[in-house]
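Trainee: Input: one structure, supplied below.
The values are calculated or read from the model by the stated rules, or taken from the named source; none is laboratory data. This is a predicted model, so every value here is computed, not measured. Reconstructed Cβ throughout: ideal geometry from the backbone, glycine too, with neighbour counts over all protein chains shown. We work out accessible area using only protein heavy atoms, side chains counted, and drop any ligands, DNA or RNA first. Shrake-Rupley method; radii C 1.70, N 1.55, O 1.52, S 1.80 Å.
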Amino acid sequence: MATNETEATNFIRRIIDEDIARGWNDGRVHTRFPPEPNGYLHIGHAKAIWLNYSIAKDYNGLFNLRFDDTNPTKEEQEYVDAIINDVKWLGVDWGDRLFFTADYFDRMYECAVQLIKDGKAYVDDLSADEIREYRGTLTEPGQESPYRNRSVEENLDLFERMKNGEFPDGARVLRAKIDMASPNINMRDPVIYRIRHASHHRTGDKWCIYPMYDFAHPLEDAFENITHSLCSIEYADHNELYEWVLDNVDYSGPGITGRPKQIEFARLNLSHTVMSKRKLRRLVEEGVVEGWDDPRMPTIAGLRRRGYTPESIRIFCERIGVARSDSIVDIAFLEHCVREDLNASAPRLMAVLRPLKITLENYPEGQVEWVEIENNPEDPDAGNRLVPFGRELYIEREDFMENPPRKFYRLAPGREMRLKGAYIIKCERVIKDADGNITELICSYDPESKSGMPGADRKVKATAHWVSAQHAVPVTVRLYDHLFLKENPDDAPPGKDFMANLNPNSLEVLTNCLAEPEMRKAKPGDRFQFLRQGYFFADPIDSKDGKLVFNKIVGLRDTWKRKRQ
């Protein structure tokens, strides 16, 4: 039985419990994550990674990381390295069980030869378009290829010549001989090998034929003693072919002690984003984003660059659960998970993103006092810090309105507002430039309103953050919004695609932000809550040479939680 009692029971765990109870595969549990190295992993892959890994861990089993590198025209070492880095960052440990499908190419070739000898595979000369035409439809059976009944000897000769590079790409394929009238189109003599004259990132130019995923997948699972092959729901119709391969190929060998089974679960779809590698690659290649690790991307690299924690992503993956049918998860729930994680751990600092200068005309010139502010009210051990306060300060421009509406409670001419940890101030006069833009506020302060003073309990309706002008630290801040305007980006006007729903305001860069002097201690990779602004991450790449660049991770307003209250 699973040892993690905090994990809600799901249908996959119930299947595993039943398998263990009946002694299937000697009660072992061995899972794997098999990415194709043709792009960067995204949050949907994180769900699959954590599902496979947590199940193996909870059942005291094993977990493999395996690269499905069967298509050299799309795969690169860059993607291999990025995937390894992402999986490690999520906190997943595969021990010494890092595998590549390429490691099995010789064995898979022999398995294909065996199928030919058994009369269960043949070399077909039909083109890709002709194969599709012969395959039939969901309501009409397919037609047999005119090459289907070649002799075993001819098929063996042609397949070896395919391997030796005698034919160009697309000239011939190897197909399994199953049933062209099967109601499952995947069983209508599927292609199991194709010609690709391309250098492989691992095997170089040794091979010019490569197995198809549907043929390679069950074999590599069997070779690695996988017991439960967990796949997303789009592979459900391929399960019959998975079983056919295992039934018709002798995959036995030293150390192979069981038989894998495929179990499908719903893939993760996240609102206001796309989860297709092809679409994500298009965003990168067309310059919509700055790379696979752009903080607006749903890639694990992008989420990491934005400042998400691996803990928050693991929490998200656990809480969304496992289902049998696809659905869309509100991106607000992912934001809720990181907000919840950072609320308990991120120290608080004050930073003014759009500064407006104020001068306290009745505060002594040249005087500096230090006010005490808590580092994190959620953490009793976080302690307090001292922040300098002086005659000239900066507040957030949005905390002042010259002609405020009725329910605006912050600073306005003749109105008061408290400064966090310090005094109550009152706006006396507004200074503008020649164009009528507000450049400065002349204010007064109540010297009796600070904590410990007789007027400290005097109530005003608003409290704002601030920084001392004399001690302010300049920082750059990048603010992010959803990359797409619509919940479902594919919901596009006729003749348009998902790109029509791009949000033109998904990124705003503020270069004149100011922070309290404690910010000088910040290092690349640090996370903070900027009071009243949200959670921010010191970009580990762009924060250098004394310059601090912060990515906004998430705001303070929890829209997901509000929807459920």
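Trainee: Right, ASP250: open to solvent by 10 Å² or more (accessible area, probe 1.4 Å), in a helix (DSSP H, G or I), touching a residue at least 40 places away in the same chain (Cβ under 8 Å) and of a type in the set (Asp, Glu) or not?
Mentor: On the way: open to solvent by 10 Å² or more (accessible area, probe 1.4 Å): yes; in a helix (DSSP H, G or I): no; touching a residue at least 40 places away in the same chain (Cβ under 8 Å): yes; of a type in the set (Asp, Glu): yes.
No, not satisfied.
Trainee: While we're on this one: If you take the residues of segment 406-445 that are assigned to a strand (DSSP E or B) and open to solvent by less than 10 Å² (accessible area, probe 1.4 Å), which of them is nearest to TRP466 (Cα to Cα)?
Mentor: LEU419
Trainee: I'm checking my understanding of the structure. Among residues of segment 206-247 that are in a helix (DSSP H, G or I) and of a type in the set (D, E, K, R), which one is nearest to MET108 (Cα to Cα)?
Mentor: Residues of segment 206-247 that are in a helix (DSSP H, G or I), as a first pass: 213-223, 233-247.
Keeping just the survivors that are of a type in the set (D, E, K, R) gives 214, 220-221, 234, 237, 240, 243, 247.
On the way: ASP214: 12, GLU220: 9, ASP221: 12, GLU234: 24, ASP237: 22, GLU240: 19, GLU243: 16, ASP247: 15 Å.
The extreme case among them is GLU220.
Trainee: Related question: Only one of ARG66, ARG107 is assigned to a helix (DSSP H, G or I), touching a residue at least 60 places away in the same chain (Cβ under 8 Å) and not hydrophobic (A, V, I, L, M, F, W, C); which?
Mentor: ARG107
Trainee: Which ranges mark the strands (runs of 3 or more DSSP E) fully within segment 312-405 that have 1 or more residues being open to solvent by 60 Å² or more (accessible area, probe 1.4 Å) and among the polar types (S, T, N, Q)?
Mentor: 327-329, 384-389
Trainee: Could you say whether any residue in segment 253-267 is at pLDDT 95 or above and assigned to a helix (DSSP H, G or I)?
Mentor: no
Trainee: Still on this structure, please answer the following. Answer yes or no as to whether VAL284 is surrounded by 18 or more Cβ atoms within 10 Å (Cβ to Cβ) and not hydroxyl-bearing (Ser, Thr, Tyr).
Mentor: Yes.
Trainee: Another question, then. What is the one condition in (1) in a loop (DSSP other than H, G, I, E, B); (2) open to solvent by less than 50 Å² (accessible area, probe 1.4 Å) that VAL113 does not satisfy?
Mentor: That leaves (1) as the condition not met.
Trainee: State whether one or more residues within segment 377-394 are closer than 14 Å to TYR445 by Cα, of a type in the set (A, V, I, L, M) and more than 35 Å from the chain's Cα centre (by Cα).
Mentor: Checked against the condition, which is being closer than 14 Å to TYR445 by Cα, of a type in the set (A, V, I, L, M) and more than 35 Å from the chain's Cα centre (by Cα), segment 377-394 yields at least one hit.
Trainee: Quick check on my filter: what residues within segment 190-205 are touching a helix residue (DSSP H, G or I) at 6+ places or on another chain (Cβ under 8 Å) and either over 24 Å from PRO141 (Cα atoms) or of a type outside the set (A, V, I, L, M) (or both)?
Mentor: PRO190, TYR193, ILE195, HIS200, HIS201, ARG202, THR203
Trainee: Now for a different question. Pick from segment 87-106 the residues that are among the charged types (D, E, K, R) and closer than 19 Å to GLU36 by Cβ: which of them is most open to solvent (accessible area, probe 1.4 Å)? Steps first, please.
Mentor: Our first condition is that a residue be among the charged types (D, E, K, R); within segment 87-106, this holds for 88, 93, 96-97, 103, 106.
Subset that is closer than 19 Å to GLU36 by Cβ: 88, 97, 103.
On the way: LYS88: 124, ARG97: 51, ASP103: 77 Å².
Only one residue tops the list, namely LYS88.
The rows are residues; the columns are (1) of a type outside the set (D, E, K, R); (2) in contact with a strand residue (DSSP E or B) (Cβ under 7 Å, 6 or more places away or on another chain); (3) at pLDDT below 95.
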| site | (1), (2), (3) |
| --- | --- |
| LYS432 | no, yes, no |
| THR476 | yes, yes, no |
| LEU479 | yes, yes, no |
| PRO493 | yes, no, yes |
| CYS513 | yes, yes, no |
| GLU518 | no, yes, no |
| PRO524 | yes, yes, no |
| PHE530 | yes, yes, no |
| GLY534 | yes, yes, no |
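Trainee: Sticking with this structure for a sec: Scan segment 256-283 residue by residue and report those that are in contact with a Ser or Thr (Cβ under 7 Å, 6 or more places away or on another chain) and more than 25 Å from ARG314 (Cα to Cα).
Mentor: Within segment 256-283, GLY258, PRO260, LYS261 qualify.
Trainee: Within segment 454-468, restricting attention to residues that are in a loop (DSSP other than H, G, I, E, B) and in contact with an Asp or Glu (Cβ under 6 Å, 6 or more places away or on another chain), which residue is most open to solvent (accessible area, probe 1.4 Å)? Steps first, answer last, please.
Mentor: Going residue by residue through segment 454-468, those that are in a loop (DSSP other than H, G, I, E, B) are 454-462, 465-466.
With the extra rule that they be in contact with an Asp or Glu (Cβ under 6 Å, 6 or more places away or on another chain), the set shrinks to 454-455, 460.
Numbers: PRO454: 113, GLY455: 17, VAL460: 41 Å².
Filtering segment 454-468 for residues that are in a loop (DSSP other than H, G, I, E, B) and in contact with an Asp or Glu (Cβ under 6 Å, 6 or more places away or on another chain), the one most open to solvent (accessible area, probe 1.4 Å) comes out as PRO454.
Trainee: Continuing with this model, one more query. Residue by residue through segment 129-173, note down the ones that are part of a helix (DSSP H, G or I), touching a Phe, Trp or Tyr at 6+ places or on another chain (Cβ under 8 Å) and either open to solvent by less than 50 Å² (accessible area, probe 1.4 Å) or of a type in the set (Val, Ile, Thr) (or both).
Mentor: ASN155, PHE159, MET162, listed by residue number.
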